[in-house]
Amino acid sequence: MTLFGDPAVWLPLAFAALMGVSILVYVVLDGFDLGVGLLLPLGDEAEKDRMIAAIGPFWDANETWLVLAVGLLLVAFPAAHGAILTALYLPVAVMLIGLILRGVAFEFRAKTTGRMKTRWNWAFFAGSLSASLSQGYMLGLYIMGLEHTAATIAFGVLTAVCLTAGYGFIGATWLIIKSEGALQLKAIAWARRRLWGVIIGLGAVSLASPLVSERIFDKWFSFPSMILLAPLPLMSALLVFILWTALKHLPAEDDKWSWVPFSATSALFLMAFSGLAYSFYPYVVPEKLTLYESASAPESLFIILLGALFVLPVIIGYTVLAYTVFRGKATELRYD
Amino acid sequence: MEELILSRIQFAANISFHILFPTITIALGWVLLFFKLRFNATGDDRWMAAYHFWVKIFALSFGLGVVSGITMSFQFGTNWPGFMETVGNVAGPLLAYEVLTAFFLEAAFLGIMLFGARRVPNWLHTLATFLVAFGTTISAFWILVLNSWMHTPAGFELRDGVVHATDWMAIIFNPSMPYRLVHMLLASGLTVAFLIAGISAYRRLIGDRSKGVRLTLKTGVWLAAILIPLQILAGDMHGLNTLEHQPQKVAAMEGNWETGSNVPLLLFAWPDEEARENRFEIGIPDGASLILTHDPEGIVPGLNDFYAEDGAALHPPVAPVFWSFRVMVGTGVLMLLISWATVIAMRGGSAVDRLNPWVLRALAAMTFSGWLATLAGWYTTEIGRQPWLVQGVLTTEAAVADVPAPMIATTLAAYLIVYAVLLLAYVMVIFRLARKASSDASVRPHSGAAQVALVPAE
């Protein structure tokens with residue numbers, strides 16, 4: 001345990017990294033299936049079934065990354081888990097009810113027809129919308145240091161709208177991969193329209209976080225970090241440009257390049273996430289609690305780490321297997 | 001004080017709703033594997049038809065289990081921060097192992113199990129079915145390890161009021177874990193047995209004469225008839241284990257106030273905590289002594305031993321524990337009678353066809369009896385742990401969050417409405433699926449045949 005120096009230092013850091021990866025994977029994976037939920041009302045009846053089929057085999061496993069992220073927060077940083085979740089009590093409840101609604105609507109709509117199916121479609125949309133909005137709102141409040149003032153709530157509303165646009169966007173790029181024909185054309189149009197929301201959202205968060213915190217301002221706008229960090233915004237700008245160009249020219253012949261928007265979006269999410277992670281380190285509750293202060297005892301963290309190191313490659317292995325088995329264009333979803 | 005009771009109701013509502021679905025998926029996963037293996041061995045389409053019907057109900061239950069499980073992982077932080085702050089060093093790794101080893105396994109292979117039969121080779125589809133069943137069981141294992149540790153904590157030491165793990169084997173194999181795990185796994189088996197028997201009986205009653213339904217009816221009834229005696233035995237052993245480690249809970253279950261010998265088994269009573277006595281008592285002489293010590297002269301602990309010097313009760317609230325225990329045992333007895341009566345009525349050749357419609361009606365009425373018994377059992381053991389959250393280590397009161405009561409009340413109301421709607425929808429959809437499968441079966445007698453997928457992966 002002393003291999004990497006003091007375990008009270010490197011273990012919390014390792015867990016912060018694991019938690020960060022889980023959140024990022026969650027935002028990309030559940031982001032696309034929440035996004036498809038947000039786009040659902042825009043498709044016609046047959047397209048709705050196709051859209052649902054594009055996420056059908058994946059959503060259960062995608063949501064599990066949220067359980068892992070919150071689970072890691074809970075087990076590795078119990079004090080932070082309590083502080084963050086009691087401060088975000090109401091949006092958490094809204095998100096949970098949203099996730100419940102869309103999860104069950106997914107199953108129920110497959111087993112009914114007619115008017116009931118229409119209702120479950122709406123429940124699926126409403127659940128996806130409230131889950132996305134509340135996640136965005138929580139992100140905003142978290143950036144604002146979990147304070148509840150008129151300004152922080154207004155910022156939370158802004159991030160709520162922007163994250164929802166971001167989910168809708170990545171959902172559309174997922175549909176570009178999984179669909180063909182008229183639906184694919186629609187998905188490209190949906191993505192084009194939402195790219196603006198993504199740009200505004202990224203800009204708003206990038207501007208607001210250094211403005212509300214002097215510490216974050218110093219971390220970004222001081223020498224030499226300003227130069228070392230320059231690739232982050234430059235890469236993001238490049239990715240936005242790639243997305244812009246790709247969406248303008250798609251669909252290409254033989255469905256070439258259809259994977260580009262989704263991949264570029266995932267990379268863009270990675271950039272945004274890295275920026276946030278850099279800003280907040282070493283705090284896990286902004287400006288209040290560092291990850292070292294809130295971590296569990298090293299011996300308990302070590303036990304979990306052993307399990308995680310053994311299990312994570314396996315999880316990645318069968319996640320890849322599941323995505324390989326269900327690769328290609330979405331077809332009718334059948335329970336056989 | 002209001003925050004405490006509201007938070008407790010909210011947690012109870014969430015976990016009661018949640019447990020309904022794992023209770024089904026744990027055992028239904030193995031039953032599906034059984035159907036699949038029977039099909040692989042015999043090539044008989046009816047097994048695959050049974051698989052296709054029940055896998056839909058599995059998917060529905062699993063979805064509800066996942067979403068209500070996500071709620072649970074947030075509840076610890078939103079309502080009970082003191083729990084993780086005090087015992088996080090033990091509870092954390094156990095919960096982490098649950099998510100890492102089980103949750104992902106189930107969620108990833110569920111997709112293949114549900115939608116993959118045409119896309120993967122048959123052996124991989126069978127393997128996926130096995131891994132999902134295995135995953136749900138491992139999941140249950142870790143959760144029951146943690147829950148049992150909260151009842152009979154072991155393998156830890158307290159430093160500055162925080163629990164630190166000293167012996168992981170002692171934590172995992174804590175004294176009540178083996179009993180609780182077996183009791184819960186059997187409860188899941190019985191819940192599924194009566195669900196399958198009940199839905200199959202319902203399909204017979206609405207005129208479905210297909211062989212597939214006959215097969216699942218028999219599977220359900222036999223499973224129930226085999227499991228219920230085992231469950232009674234396991235329950236008895238679990239009770240003896242509780243007597244050793246949590247005598248105050250057993251005293252409340254028996255409604256016994258004075259420690260002594262020749263304690264009767266109460267069939268009915270109205271426990272009055274103010275007066276420290278029961279009203280309207282009807283009991284079988286020496287019954288409780290006989291069951292708990294296997295000796296009519298045996299000593300049974302009494303609630304009067306569990307009062308602090310200042311008169312504060314150190315035992316759980318008596319009436320809820322007393323009554324939930326009776327609901328659980330009563331349901332179990334009914335399960336025994338009905339499953340064995342049906343097995344006896346089914347003997348001989350064209351057994352199912354000669355079943356009296358009243359037998360089928362009784363089975364249909366028992367469709368969700370497993371839920372009732374499971375919930376009553378959990379109420380017995382969890383309310384029976386009060387006033388402790390972790391027996392002897394942390395009181396429930398000390399762990400609750402400082403969230404304003406109106407906020408808890410609002411979210412509680414929202415959860416309750418959502419849960420009520422979902423529960424209603426779940427039950428309606430199951431019966432709807434049953435009617436649909438039966439009307440399809442009457443059009444195409446062997447509906448499984450057309451859908452069987454033996455093609456290798458594309």
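Read the figures in this text as sums done on the coordinates, not as results from a lab. This one's a predicted model, so the numbers in the text were calculated from it and none came from an experiment. Glycine also receives a Cβ, built like all others from the backbone with ideal geometry; neighbour counts cover every protein chain displayed.
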Original post:
Relative to the longest principal Cα axis of chain B, at what angle does helix B:211-245 sit, 0 to 90 degrees, rounded to 10?
Top reply: 10 degrees
Original post:
Other chains near A:86-92: what is the mean number of their Cβ atoms within 10 Å of each residue's Cβ?
Top reply: 5
Original post:
Can you give the calculated 222 nm mean residue ellipticity of the protein assembly as shown, where each DSSP H run of n ≥ 4 adds -39,500 (n - 2.57) and the sum is split over every residue, rounded to the nearest 500 deg cm²/dmol?
Top reply: -25500 deg cm²/dmol
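Can you sort B:ARG276, B:ARG159 from fewest to most other Cβ atoms within 10 Å of each residue's own Cβ?
B:ARG159, B:ARG276
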Original post:
Which one of A:SER128, A:LEU72, A:PHE269 is farthest out on the positive end of the charge dipole of the range A:9-325, using unit charges on Cβ (Lys, Arg +1; Asp, Glu -1) and the Cα centre as origin?
Top reply: A:SER128
Original post:
Arranged by the count of other C-beta atoms within 10 angstrom, fewest first, what order do B:VAL145, B:VAL427 take?
Top reply: B:VAL427, B:VAL145
**OP:** For an R0 of 22 angstrom, estimate the FRET efficiency from the Cβ-Cβ distance between B:ILE226 and B:LEU37 and round to the nearest 0.05.
**Re:** 0.80
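At 0.36 nm per residue, and after removing the present C-alpha to C-alpha distance, how many nm does the segment from A:PHE223 to A:VAL21 gain when stretched out fully?
Values: separation 202, 0.36 × 202 = 72.72 nm, distance 2.83 nm.
Gain in length upon complete extension: 69.9 nm.
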**OP:** Return the FRET efficiency for the residue pair A:LEU312, B:VAL162: r is the Cβ-Cβ distance, R0 is 30 Å, and the value is rounded to the nearest 0.05.
**Re:** 0.60
Subject >> Among B:LEU292, B:HIS315, B:LEU303 the positive-end extreme of the charge dipole of the range B:255-339 (Cβ point charges) >> reply: B:LEU292
**OP:** Using a/c under 1.5 as the rounded threshold, could you call the range A:183-335 rounded, prolate or oblate? The axes a ≥ b ≥ c are square roots of the C-alpha gyration tensor eigenvalues, and prolate needs a/b larger than b/c, oblate otherwise.
**Re:** oblate
Original post:
What is the gain in length, in nm to one decimal, between B:TRP270 and B:HIS245 on full extension, counting 0.36 nm per residue of separation less the C-alpha to C-alpha distance?
Top reply: 6.4 nm
Original post:
Say we join alpha carbon atoms closer than 10 Å with springs in a Gaussian network model of chain A; which of A:PHE241, A:PHE125, A:PHE280 then has the biggest fluctuation?
Top reply: A:PHE241
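Assign one of three labels to the range A:268-336, namely rounded, prolate or oblate, based on the Cα gyration tensor with a ≥ b ≥ c the square roots of its eigenvalues; rounded applies when a/c is under 1.5, prolate when it is not and a/b is larger than b/c, and oblate otherwise. The partial results should precede the final answer.
Details: a/c = 3.50, a/b = 1.71, b/c = 2.04.
Judged from the Cα gyration tensor, the range A:268-336 comes out oblate (a/c at least 1.5, b/c at or above a/b).
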Original post:
Ranked by Cβ crowding within 10 angstrom, fewest neighbours first, how are A:SER263, B:SER73 ordered?
Top reply: A:SER263, B:SER73
Original post:
Tell me, what does the Kirkwood hydrodynamic radius of chain B come to in angstroms if you use every pair of distinct C-alpha atoms?
Top reply: 23.7 Å
**OP:** Would you mind checking the tilt of helix B:81-97 against the longest principal axis of the Cα atoms of chain B, expressed as 0 to 90 degrees and rounded to 10?
**Re:** 40 degrees
**OP:** Could you name the lysines whose alpha carbon sits less than 26 Å from that of B:LYS56, not counting residues in the same chain fewer than 8 places away?
**Re:** A:LYS48, A:LYS111, A:LYS117, A:LYS178, A:LYS329, B:LYS36, B:LYS211, B:LYS218, B:LYS436
Original post:
Just how large is the dipole of chain B about the Cα centre, in debye to the nearest 20, putting +1 at every Lys and Arg Cβ and -1 at every Asp and Glu Cβ?
Top reply: 3280 debye
Original post:
What's the average, rounded to a whole number, of partner chain beta-carbon atoms within 10 Å of each residue's beta-carbon in A:316-322?
Top reply: 4
Subject >> A:MET116/B:ASN262 FRET efficiency (R0 56 Å; Cβ-Cβ; nearest 0.05) >> reply: 0.40
Subject >> Angle between chain B longest axis and helix B:177-205 axis [Cα atoms, degrees, rounded to 10] >> reply: 40 degrees
**OP:** Quote the charge dipole size of the protein assembly as shown about the Cα centre in Debye, to the nearest 20; the model charges only the Cβ of Lys and Arg (+1) and of Asp and Glu (-1).
**Re:** 3980 debye
**OP:** Work from the charge dipole of the protein assembly as shown (Cβ charges, +1 for Lys and Arg, -1 for Asp and Glu, about the Cα centre) and give the residue of B:LEU6, B:ILE196, B:VAL333 farthest towards its positive end.
**Re:** B:ILE196
**OP:** Please build a GNM for chain A, connecting alpha carbons under 10 Å apart, and tell me which residue among A:HIS148, A:HIS249, A:HIS81 fluctuates the most.
**Re:** A:HIS249
Subject >> Size of charge dipole - the range A:9-325 - debye, nearest 20, with Cβ of Lys, Arg +1 and Asp, Glu -1, no other charges >> reply: 660 debye
**OP:** With springs only between Cα atoms under 10 Å apart, run a GNM on chain A and tell me which of A:ASP255, A:ASP30, A:ASP49 wobbles the most.
**Re:** A:ASP255
**OP:** Round to a whole angstrom and tell me the spacing of the C-alpha centers of the range A:1-48 and the range B:355-384.
**Re:** 40 Å
**OP:** Note down the relative contact order for the range A:9-325 as a percent, whole number, built from C-alpha pairs under 8 angstrom at least six residues apart.
**Re:** 22 percent
**OP:** Once you have a ≥ b ≥ c as the square roots of the Cα gyration tensor eigenvalues for chain A, tell me rounded if a/c is under 1.5, and otherwise prolate or oblate according to whether a/b is larger than b/c.
**Re:** prolate
Subject >> Virtual paramagnetic centre 7 Å along Cα→Cβ of B:GLU297, amide N under 16 Å, in the range B:241-268 >> reply: B:260-263
Subject >> Positive minus negative residues near B:GLY69 (Lys, Arg vs Asp, Glu; Cβ under 12 Å) >> reply: -4
**OP:** Take each uninterrupted DSSP H stretch in chain A, measure its Cα extent along the helix axis, and return the ones at 20 Å or beyond whose mean Kyte-Doolittle hydropathy is at least 0.5.
**Re:** A:7-39, A:59-76, A:89-109, A:150-178, A:181-212, A:231-249, A:260-280, A:298-325
**OP:** Report, as an integer, the average count of C-beta atoms from other chains found within 10 Å of each Cβ along A:106-118.
**Re:** 4
Subject >> Cut-off 16 Å, label 7 Å out along Cα→Cβ of A:PHE273, residues of the range A:77-113 by amide N >> reply: none
